[in-house]
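The block underneath contains the structure these notes are about, expressed in structure tokens.
The values are calculated or read from the model by the stated rules, or taken from the named source; none is laboratory data. Bear in mind the structure is a predicted one, so any value in this text is a computation, not a measurement. Cβ: placed from backbone, ideal geometry, glycine included. Neighbour counts: every protein chain shown. Protein only, heavy atoms only, side chains kept; ligands, DNA and RNA dropped before computing areas. Shrake-Rupley method; radii C 1.70, N 1.55, O 1.52, S 1.80 Å.
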Amino acid sequence: MNAETGNPSAAAAVEVREVEKVFGPPTTGARALAGVSLNILDNEFFTLLGPSGCGKTTLLRIIAGFETVTSGRVFLFGDEIEDLPPNKRPVNTVFQQYALFPHMSVAENVAFGLHRLRHPKAEVAKRVDEALDLVQLGEFAARRPSQLSGGQQQRVALARALAPRPKVLLLDEPLSALDLKLRQAMRVELKSLQEETGITFIFVTHDQEEALTMSDRIAVMSRGEVQQIGTAHDIYDRPRNRFVADFIGETNLLDVTVENVDDGSVACRLQDGGLLQATPSGEAAAGTAGHVSIRPEQLVLVPPQEPALMQGVVDRLIYLGTDNQHLVQLADGSEIRVRTQAAQQAEKDFAPGDKVGIRVNPGTARLLVD
Amino acid sequence: MSTGIRKPARKIDLRRYPGFVHLAVFCMIILYAPLLIVAVYSFNASTSITLWGGFSLQWYEEVFFGLESAKFKDAAWNSFTIAISAAVVSTCFATSAALGMLRAGEFRGRPVSFALINLPLMVPEIVTAVATLIFFNWINFERGIGTILVAHIVFCIPFAYLPIAARLEGISGIYEQAALDLYATRWEAFRLVLLPLMAPGVLSGFLLAFIISLDDFIITNFVKGAGVETLPTAIFGAVKQGIKPNIMAISTLLLVLSFIFVTLSWLIGRMGTDSGRAAD
């Protein structure tokens, strides 16, 4: 980012700089975006992830041109675009509700953008065929959208948005209306489409699983701010703050006091006295209070007589198909989730009422400094 | 059920209320019996309007080829020209109004505009008629076909507006956004996407405006110039000299036409709403 020079970053497909968006009067209105800055690289599958109301859709609509910014700037491959209307921006959108034109055939829908760009007829026909082949809907060209299933409509929406070969494709929760099986299949399909076309995808979702499986990088958003930007591994294994740790996947948050800081590793004192080594998310100072995040799958249950970090009683055992989840109650009344793989550990499962010891896999605890 | 206690019905069934059937039948008779009698007696072979003398088409023949046929043909010609022109113009106004009300976002005076558009439906027609007449006199506008046309355009707007606005309300703004996103200009987004989607509403509004204009008597009677007649005023003029069966024939023809147009308007207004709204 060249924030100091004011020049747009050349490598970025989309650069969002200090964007603020307030709906309604500037002082009393609803603040949807509170100064968001991010760079989305060319050829990247970038995901905006966050709960509803976090501002992710607003940001997408600003990039598409459907919303104006209250302050801040938006660049597309180095060109400032915040004053351009949507039809002047070389970006296309796949809408959540697809928004296929019901009075046009599938082929006419896909051709719409190409006609508006005044491509010659022969080329339009060729590119409509290509786009429909890309989403494997070639044989449905003459159908009306209403004659297609939800999954097929979704793919037509994709073909329609891809046919004009936009520089950036915006996807606004496009999978949320599909059922689970189809959603999972479409994740793979979307990712391979992005790789095949080389177009930058900006994908908005509230579904962390979707984000983790498809994205090159993810921006986790909350309350109009970017909480963390990173790869799936970054945000899952090295969450920067409590919100990210809690929102991405499941986690156990333990109250601790920092005992000792030793470059790259901190010793944390648990409430019940145990000492735990954790990697800090930022600068940690000895004596301060904080939270340690440990993923349920990084905890191991052992019989009570064996050495362990914590002691507790199994409260509940939940069968999740591939996994078993144990809810273990600690002495102070708080509850901890422990996940074991059902196939491997069936014989080691503990039943409700059993006393257990809890161990932490080394190097997996993270101290959240925020 | 016989105990008089029953579980709350999922939907209140009006037909269960005591006396519902009787009341309904009574109302239907009051509303439609006169129309039915007129329609039946228009095929009467006798000149009496109360005694049945056998089936005949002579009054229809009289309408088209009789002594008064020239007068009625002139009136019909006036009526249709006015109705078509008034419907076309008022539909354009109503479409613009609907777009402004429903697509221009919130603006100051929107509730007032809404009231103003629909007010003519509430104002007694005789008041509008007198006011229009005074207005034309005041600006020294010579009365004739022109004044009728202007008056009809004005009072047809709310009738055209209702089905158009109802249709437009059901069309999600997402289609226009998708069109803009796909490089359409605002005009192209309207012409290629929104207008085809709202077309049934527009057509429905047009038909309604047409039939309202065709049927209008009170306002027309006030603002028409001397010697200019539309079908309703011509019929009224003829009735003043005594009711003849040929009036019944003309009335029946008008009735059939109205029936066709209102039905068409209703059917077209419903057209495509299943697919159109499901996709929202």
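Observations on the model:
- The criterion of being in a helix (DSSP H, G or I), open to solvent by 70 Å² or more (accessible area, probe 1.4 Å) and aromatic (Phe, Trp, Tyr) holds for B:PHE236.
- Within the stretch B:103-118, restricting attention to residues that are in contact (Cβ under 8 Å) with a residue 40 or more places away in the chain and within 16 Å of B:ILE157 (Cα to Cα), the residue that is least open to solvent (accessible area, probe 1.4 Å) is B:ASN118.
- The stretch A:71-114, residues that are more than 9 Å from every other protein chain (Cβ to nearest Cβ) and open to solvent by 50 Å² or more (accessible area, probe 1.4 Å): A:ARG73, A:PHE77, A:ASP79, A:GLU80, A:ASP83, A:LEU84, A:GLU108
- Hits in the stretch A:117-164 - residues which are away from chain B (no Cβ under 12 Å), in a loop (DSSP other than H, G, I, E, B) and buried (at least 17 other Cβ atoms within 10 Å of the Cβ): A:VAL135, A:LEU137, A:ALA141
- Put simply, of A:GLU335, A:GLU250 the only residue that is in contact with a Pro (Cβ under 6 Å, 6 or more places away or on another chain), charged (D, E, K, R) and under 30 Å from A:LEU212 (Cβ atoms) is A:GLU250.
- The sole residue among A:LEU33, A:LEU38, A:LEU60, A:LEU84 that is modelled with pLDDT of 90 or more and assigned to a loop (DSSP other than H, G, I, E, B) is A:LEU84.
- Residue within the stretch A:166-183 that is in contact with a helix residue (DSSP H, G or I) (Cβ under 7 Å, 6 or more places away or on another chain) and part of a helix (DSSP H, G or I) present: yes
- Considering (1) facing chain B (nearest Cβ under 9 Å); (2) buried (at least 19 other Cβ atoms within 10 Å of the Cβ); (3) not β-branched (Val, Ile, Thr), the lone condition that A:PHE45 does not fulfil carries the number (1).
- Residue under evaluation B:ALA94, criteria (1) touching a Gly at 6+ places or on another chain (Cβ under 7 Å); (2) in a loop (DSSP other than H, G, I, E, B), criterion not met: (2)
- Scan of the stretch B:111-130 for residues that are touching a helix residue (DSSP H, G or I) at 6+ places or on another chain (Cβ under 7 Å) and under 20 Å from B:PRO163 (Cβ atoms), ordered by number: B:SER113, B:PHE114, B:ILE117, B:ASN118, B:PRO120, B:LEU121
- Any hit, the stretch A:67-81, residues being at negative phi and under 16 Å from the mean Cα position of the chain (by Cα): no
- Where helices (runs of 4 or more DSSP H) sit wholly within the stretch B:117-196, those with at least 2 residues that are more than 24 Å from the chain's Cα centre (by Cα), within 30 Å of A:ALA161 (Cα to Cα) and within 14 Å of chain A (Cβ to nearest Cβ) occupy B:174-181.
- Residue within the stretch B:11-23 that is surrounded by 11 or more Cβ atoms within 10 Å (Cβ to Cβ), at pLDDT below 80 and among the hydrophobic types (A, V, I, L, M, F, W, C) present: no
- Strands (runs of 3 or more DSSP E) enclosed by the stretch A:185-302 - at least 3 residues per element that are assigned by TED's automatic domain parsing to the domain that holds A:PRO164, closer than 22 Å to A:ALA12 by Cβ and open to solvent by less than 20 Å² (accessible area, probe 1.4 Å): A:200-205, A:217-222
- B:VAL228, sole failed condition from (1) outside any helix (DSSP H, G or I); (2) farther than 26 Å from A:ASP172 by Cα; (3) open to solvent by less than 10 Å² (accessible area, probe 1.4 Å): (3)
- Condition check for A:GLN271: of a type outside the set (D, E, K, R) and in contact with an Asp or Glu (Cβ under 8 Å, 6 or more places away or on another chain): yes
- Residue under evaluation B:SER258, criteria (1) among the hydroxyl-bearing types (Ser, Thr, Tyr); (2) surrounded by fewer than 17 Cβ atoms within 10 Å (Cβ to Cβ); (3) over 23 Å from B:PHE159 (Cα atoms), criterion not met: (3)
- Test: residue in the stretch A:21-38 that is under 30 Å from A:VAL135 (Cα atoms) and not small (Gly, Ala, Ser): no
- Scanning the stretch A:288-306 for residues that are of a type in the set (A, V, I, L, M, F, W, C) and closer than 24 Å to A:GLY353 by Cβ yields A:ILE294, A:LEU299, A:VAL300, A:LEU301, A:VAL302.
- Criterion: under 30 Å from A:ASP234 (Cβ atoms), touching a residue at least 24 places away in the same chain (Cβ under 8 Å) and of a type outside the set (Val, Ile, Thr) - qualifying residue of A:LEU317, A:LEU309: A:LEU309
- Among (1) touching a residue at least 40 places away in the same chain (Cβ under 8 Å); (2) surrounded by fewer than 21 Cβ atoms within 10 Å (Cβ to Cβ), the one test that B:VAL202 misses: (2)
- Residues (loosely packed, with under 13 Cβ neighbours inside 10 Å and free of Cβ contacts under 8 Å to residues at least 40 places away in the same chain) located in the stretch B:124-145: B:PRO124, B:VAL127, B:ILE134, B:ASN137, B:TRP138, B:ILE139, B:ASN140
- Candidate set from the stretch B:36-67 (those that are open to solvent by less than 40 Å² (accessible area, probe 1.4 Å) and of a type outside the set (Ser, Thr, Tyr)); member that is nearest to the chain's Cα centre (by Cα): B:ALA39
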